[in-house]
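One structure is given here, and the rest of the page talks about it.
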Amino acid sequence: MQSKESSRIEAALVHRAGKGADSARVADVIVQVWKDIDIALRPILGEQGVAALYERSLYRAPVAAKGSAAVPETNPRPMDLMALAASLADQSPAEALATGSGCLQAFHDLLVTLVGPLLTERLLRSVWTEFLGHPLEQDTSP
């Protein structure tokens, strides 16, 4: 079952890419969100810190486990967004959307686990506001 945030992320990706977008366009949108995340967090976490969270998110995302070439095999290194884009472009548009939104949700969840929902919202406010039109709120319902 998808969370409210995951559904919002996927809907925002569809809106950004455009209805009926091909996999390459979906990949471009997802890569841009990751670039925005990197810009927002690199001054705080450093290049290796952001790369480590990125790679862990790819690993933790449920749909990324389907053998995606984007799942890392080694220690953190700079984010390889070209590999992610290529992997997403090789999927159907629906699979690329599911993979991209799953990875972004996994990233959000991981950051919430590490620093809490309030700091996560503050750190990513500019990204989510640009991407979703407003900050992504942590679901606190039981």
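The values are calculated or read from the model by the stated rules, or taken from the named source; none is laboratory data. This is a predicted model, so every value here is computed, not measured. Heads up, the Cβs are rebuilt from the backbone with ideal geometry, glycines too, and the neighbour counts pull from every protein chain shown.
Data overview
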{"read-out": "For V112: the one exception among (1) crowded, with 20+ Cβ neighbours inside 10 Å; (2) modelled with pLDDT of 90 or more", "value": "(1)"}
{"read-out": "Number of the exception - L88 against (1) at pLDDT 90 or above; (2) within 12 Å of the chain's Cα centre (by Cα); (3) crowded, with 20+ Cβ neighbours inside 10 Å", "value": "(2)"}
{"read-out": "Any hit, the range 67-81, residues being in a helix (DSSP H, G or I) and at pLDDT 90 or above", "value": "yes"}
{"read-out": "Residue check, L45 over 13 Å from the mean Cα position of the chain (by Cα) and either at pLDDT below 90 or closer than 20 Å to L123 by Cα (or both)", "value": "yes"}
